[in-house]
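One structure is given here, and the rest of the page talks about it.
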Amino acid sequence: MAKEATVQVRMDADMKERVEALYARMGTTFSEAVRMFAAQSLLTGGMPLTLRAYPARGSAYGLLAKYADPALRKKEEGAFASAMEEKHREAP
C-alpha cells in the first residue's frame, strides 16, 4: 500500500524522544507504530487498547471525570452480579 498521506501530531518533545527510544528498543519506529495503531483500529472497529482507571488518582479519571456521577456508585456496585443471579434464578 502506497504511503500518500501525512499525519502531524503535536506533543511534548521529551515524550516524543522517550517514545521514539521505546519503539527503537522494540525494533520499530514511532511512525510505524502509528501505522500499526491505525491498522489495528480498523481491524477491531475501535481503539486497540484497554483504558484503565488507577485508584490512586481518585474516583473518576482523566477525561471521563466529567461523565462520572458519584450518586450512581452504590446503585451500580454489584449490579452485574445481581443481574446474573436474577437471570439464572428465572431460567427454567
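What follows is calculated from the coordinates using simple rules that are stated; it is not laboratory data. Small disclaimer: the values here were computed from a predicted structure and weren't measured. Note that each Cβ is placed from the backbone with ideal geometry, even for glycine, and that neighbours are counted across all protein chains shown.
Taking the Cα centroid of segment 70-90 and of segment 7-50, what is the distance between the two, rounded to the nearest whole Å? Computed from Cα coordinates, the inter-centre distance equals 38 Å.
How big is the dipole moment of segment 1-51 about its Cα centre under a simple scheme where the beta carbon of each Lys and Arg is +1, that of each Asp and Glu is -1, and everything else is neutral? Debye, nearest 20, please. Can you show the working numbers first?
Values: 6 positive and 6 negative charges, 17 e Å.
Here segment 1-51 has a charge dipole of around 80 debye.
Multiplying the residue separation of Leu51 and Arg89 by 0.36 nm and removing their Cα-Cα distance gives an extension gain of 10.4 nm.
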